[in-house]
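Here is the structure we will look at.
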Amino acid sequence: MSIAPQDLVEAALSVATLPCVSSVRDRTEANLRWANNGLITNGEMRSRTLTVTATADVEGGTAAGTVSQEIADVAEVAAVVAAAEGLARTGRPAEDAAPMVQNYAHNDVWTDPPETTSIEVLDDLAKGLGDAFERAEAARHLLYGFAEHAVETTYLGSSTGLRRRGVQPTGRLELNAKTADREASAWLGRTTRDFLDVDVVEAVDELSTRLGWASTKIDLPPGRYETLLPPGAIADLMIYAYWTANARDAEEGRNVYAAGDGATKIGQRIAELPITLRSDPLYPGLETVPFVDFTSSLDDTSWAFDGGLPIKETTWIDRGVLHELIRNRGHAIRTGTEPTPPPDNLIMDGGGTASLSEMIAGTKRGLLLTCLWYIREVDPERLLLTGLTRDGVYLIEDGAVVGAVNNFRFNESPVELLGRISEIGVAELTLCREWNDYFNRTIMPTIRVPDFNMSTVSQAS
Amino acid sequence: MLDRVDPQFRALPLAALADAALTRARERGAQHADLRVERIVTQTISLRDGAVTGVADETVVGLAVRVLVDGVWGFASHGDLTPEQAATTAEQAVQVARTLAPVARERVERADEPVHADAVWVSAYALDPFDVPTRDKVALLTDWSQRLLASDGVDHVQTSVAQVRECKFYADLAGTSTIQQRVRIAPALTATAVDRAAGGFETMDTLAAPAGRGWEYMADVEPELAAIPELLAEKVKAPSVVAGPYDLVIDPTNLWLTIHESVGHATEYDRAIGYEAAYAGTSFATPDKLGTLRYGSDLMHVTGDRTIDHGLATVGFDDDGVATTEWDLVRDGVLVGYQLDRTFAPRLGLARSNGCAFADSPHHVPIQRMANVSLQPAREDVTTDDLIAGVERGIYVVGDKSWSIDMQRYNFQFTGQRFFKIDKGRLAGQLKDVAYQATTTDFWRSMEAVGNPDTYVLGGAFNCGKGQPGQIAPVSHGCPSALFRSVNVLNTQAEGGS
């Protein structure tokens, strides 16, 4: 990797014969994985990927072609550019076509080198784990988990003169503790930018407390229960609602945000409580790359024509009212609206101040979940999702946890849930469970739902 | 056969990379070392209502060095394919192993494997998709879209095709050296009908599964297209199912996914001993039950293989350098086997691995991944119609859609593309809002009949997820039609809400 990534970007732009956006993503990554109180896998990886999106005027409109290649040598650049231009020239007109993003002022320092990480970032964690494994053995517990730190530096250049640089550190710790008979399980997750704020001792203590709660087993049948969903669980549900928030689909009547006859539910109240759901690439502690460096998003919107577009703070739900959906520039131009590229974070707040402990104390009888798992879409019209509770469902009676309950399969729609939330706790930094491979930065509250639908019992422990 | 391998891959300095990495690893104290060099080319084409939304080519290239130092793994990878970088990466892998040795409580032992020197393997396909001009591919998908959009009742069409060519070089200190290439393809098409007046929409997908085939496979999708508008129109008007127990005849286009989730993952040895406990989960089918667990009815015969033509998990040699094979997982309804790599085989007292090590990229460490796990058909001449004729009140389930199963592979819930009511042994129109829900062993024990080899179809997926960091793997599952008695069916409209 002796070639500077900026030079790869410039080399691509210099040989391009069509308007194009060229970006280089430099990624370093280190990880540890453990099971049964011992490390099992590890790794330190480095890669650098050049992506070129070329656009060409073709009969009937503008076409785009994107070619992405892991690259180590400037000699490989011309072939990538030629391939992208070939796709564009022989392509068909794209409906999402839009003029290239023009140059604009920003504060990025283009010449700065890539930021990196290495296995040393996890040194203290590894030492802490060594101690934790010994403690777990003594307590007849088993520890499982994963820690990963990745740093991506993106350099994006455009034929319009735009040059942007963004750095994205992403870290996560997942820790799972089980009793030796594997009949009880507890989990916690932490999102971190640098692992300096990760305390393994504190995390293991928290899991030990949870395993203690599980010393009393209680069997409950399926049914509707008053349920406290902690921040990580509600994050997994809201992330799915976010990934479905495609404006065009809604206008065409084919997602949960459709209101019929070409209209969307923007402007409609979808939550009774004053819940706000927003994303902000500059949110302190949740900073993300503030420009479009992707060609598609998980809601199925294409961003091939929008490379370099600034990503701004967007409020999706404003005090209970659906406020905005995701749309690219092409669709925004066609509909006379603003583009809303999705930032890589999600913040939900309802103004609540109660901690989880206070919400437990305020519960006469209900369930406390740890996290949700294997969440899949059953009915896109309502965004009905199915999934399972995992690693600790606890029964609360008269304000205190009295034991651990069997797991359940649920069937619920996050959008319908928003309308049924009866209490919102304090919003806090959290790591979701199901989607943390793809989505790492969330701030969510604990919520109370009076009638969460536990469809069947799962025997899994 | 070597001349069929991508020339750009063959042109890489594979032998020099292997020599540099393996020599340096041995010098630094590794008792085992292996080098993988991979070049994975992917193209995805997507159209929405006949207009292109994306044409993207991606190439992942890199080298990976994995070492064992005093029984502790070390892994490192890099994107720079020079002998100097290969040697440096080997040093890095050894250093990772030494750094982490104090907290690695297990000392790894591996099953023996014969040396496979200079082996070459190429998967079975007729036309490499990357030899077909992209404009021709777009033209085909455009034609499909326009034909369906011209049909009554179809408001939208989304279609796509993903194509992969995976080239992999493996070499280890024992002397094994393999070059392999495989090709796979995943066509997809969804037609949507929107009720603009009343709100709401329904969709209908084609059934052709991802397969280890070349561009010639697109011709298999073509015959499906003509029936899609009528099937969609019937689904729009179909009555909502009444929840309750039903006899189910499940078509292989749906059953493959149930096999994947409830048998494939449950018989992964690493899951069964807890390696995936914090992520993908464990398994109810633990090793202490091997040979005794009544998994299903006597008719249940499930095999694992990495050898069947066009299977997505099919390969000549796995990422441990093991020659692939076929074996039993469930025989006469009893759990008899697991999917293994070289680390896990000795723990079951087996002399050799059955070849299930796989890494999805040069930047990931090989882990035990799923083979093609398949339900074997009946020897008797039982057709799908025969199965349907044996049902008084039931549902014929066709095509996959939604799936979910718990972390020990007990409780699952599946939907599908098409649900046909069975009334007194005959199909009686479509139903909608159907999901079936069961516990794995209850479900497989209720299997009363399986179809003949003519009903057998190879389903599959490109994107089976497992491991941390997350890895995806392509995998196929063959199965016949099968009859299951008294399975719990939900009405999804009655779920959720207040």
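Observations on the structure shown:
- Residue in the range B:413-445 that is surrounded by the fewest Cβ atoms within 10 Å (Cβ to Cβ), counting only those that are outside any strand (DSSP E or B) and not polar (S, T, N, Q): B:K424
- For A:E29, the stated conditions do not hold, so it cannot be described as of a type in the set (D, E, K, R) and either free of Cβ contacts under 8 Å to residues at least 40 places away in the same chain or more than 10 Å from chain B (Cβ to nearest Cβ) (or both).
- Among the conditions (1) of a type in the set (A, V, I, L, M, F, W, C); (2) within 13 Å of chain B (Cβ to nearest Cβ); (3) within 28 Å of B:T282 (Cβ to Cβ), A:V449 misses just one, which is (3).
- Every pair of residues 6+ apart whose Cβ atoms lie under 9 Å, when the first sits in the range A:340-359 and is over 27 Å from A:D300 (Cβ atoms) while the second is at pLDDT below 95 and in a loop (DSSP other than H, G, I, E, B): none
- All conditions in (1) buried (at least 17 other Cβ atoms within 10 Å of the Cβ); (2) within 13 Å of chain A (Cβ to nearest Cβ); (3) more than 30 Å from B:T134 (Cβ to Cβ) hold for B:A119, with the sole exception of (2).
- A single entry from B:R352, B:R347 fulfils the requirement of being surrounded by fewer than 20 Cβ atoms within 10 Å (Cβ to Cβ), in a loop (DSSP other than H, G, I, E, B) and touching a residue at least 40 places away in the same chain (Cβ under 8 Å): B:R352.
- Candidates A:L368, A:L372, A:L395 - the one that is among the aliphatic types (A, V, I, L, M), closer than 14 Å to A:T227 by Cα, within 14 Å of another protein chain (Cβ to nearest Cβ) and assigned to a strand (DSSP E or B): A:L372
- When B:A87 is tested against the conditions (1) over 29 Å from the mean Cα position of the chain (by Cα); (2) surrounded by 21 or more Cβ atoms within 10 Å (Cβ to Cβ); (3) within 14 Å of another protein chain (Cβ to nearest Cβ), the lone failure is (3).
- Candidates A:T90, A:T62, A:T51, A:T17 - the one that is buried (at least 23 other Cβ atoms within 10 Å of the Cβ) and either at pLDDT 95 or above or over 17 Å from A:L309 (Cα atoms) (or both): A:T51
- The condition (being touching an Asp or Glu at 6+ places or on another chain (Cβ under 6 Å) and among the basic types (K, R)) is satisfied by just one residue among B:R110, B:R196: B:R196.
- Total residues in the range B:50-64 satisfying the condition of being surrounded by fewer than 22 Cβ atoms within 10 Å (Cβ to Cβ) and in contact with a helix residue (DSSP H, G or I) (Cβ under 8 Å, 6 or more places away or on another chain): the figure is 1.
- Test: residue in the range A:271-292 that is touching a Phe, Trp or Tyr at 6+ places or on another chain (Cβ under 6 Å), outside any helix (DSSP H, G or I) and closer than 30 Å to A:A63 by Cβ: yes
- Restricting the range B:30-49 to residues that are more than 24 Å from the chain's Cα centre (by Cα) and within 9 Å of another protein chain (Cβ to nearest Cβ) leaves a set whose member that is surrounded by the fewest Cβ atoms within 10 Å (Cβ to Cβ) is B:D49.
- Selection count where residues are within 15 Å of B:G71 (Cβ to Cβ) and either touching a residue at least 12 places away in the same chain (Cβ under 8 Å) or surrounded by 15 or more Cβ atoms within 10 Å (Cβ to Cβ) (or both), scope the range B:100-116: 11
- Enumerated helices (runs of 4 or more DSSP H) restricted to the range B:189-287, each holding at least 3 residues that are closer than 23 Å to B:G416 by Cα: B:218-225, B:228-237, B:252-259
The values are calculated or read from the model by the stated rules, or taken from the named source; none is laboratory data. Predicted model, so just to flag it, every value in this text is computed and none were measured. Counting neighbours? That spans all protein chains shown, and the Cβs are built from the backbone with ideal geometry, glycine included.
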